Amino acid sequence: QVQLVESGGGLVQPGGSLRLSCAASGTIFSIYAMGWYRQAPGKQRELVATITRGGSTNYADSVKGRFTISRDNAKNTVYLQMNSLKLEDTAVYYCNADIRVSVSTGLKDYWGQGTQVTVSS
């Protein structure tokens, strides 16, 4: 069994910062790409940022220059540092990871349960 557990969400004022964490646990052989997605009320889930095992990153245009994704491969953890938060960043943020649970199995997509980020004055 593999679990992704997010933490770090909360309420913050516009212009503020939050840092999200997502730790993968369970039977894990290797973790490939990891990422963050978000879903605002009434909208589809959208990509926020992704990072490969080697550290290559990709960001949605709406967060470039404000958010930074990073990972600690030794801890099976991915982070999202969010600065200069805007009202429109309010959403449930989900962690995602492509994981191989053994040398003989293929990659499988895993999701966390989500953490609420609310930006409000």
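Some notes on this structure:
- Accessible surface, the stretch 1-89, averaged per residue in Å² (probe 1.4 Å): 54 Å²
- Each Lys or Arg adds one and each Asp or Glu subtracts one; over the other residues with Cβ under 9 Å from the Cβ of Met34, this totals +1.
- Using the alpha-carbon positions of the chain, Rg (one decimal) and Dmax (whole number) come out as 14.2, 51 Å.
- Accessible-area composition of the chain, carbon plus sulfur, in percent [1.4 Å probe]: 47 percent
The values are calculated or read from the model by the stated rules, or taken from the named source; none is laboratory data. Source: prediction; values computed, not measured. Every residue, glycine among them, receives a Cβ derived from its backbone with ideal geometry; neighbour counts consider all protein chains shown. Just so you know, the surface numbers come from the protein's heavy atoms only, side chains and all, with ligands and any DNA or RNA stripped out. Shrake-Rupley method; radii C 1.70, N 1.55, O 1.52, S 1.80 Å.
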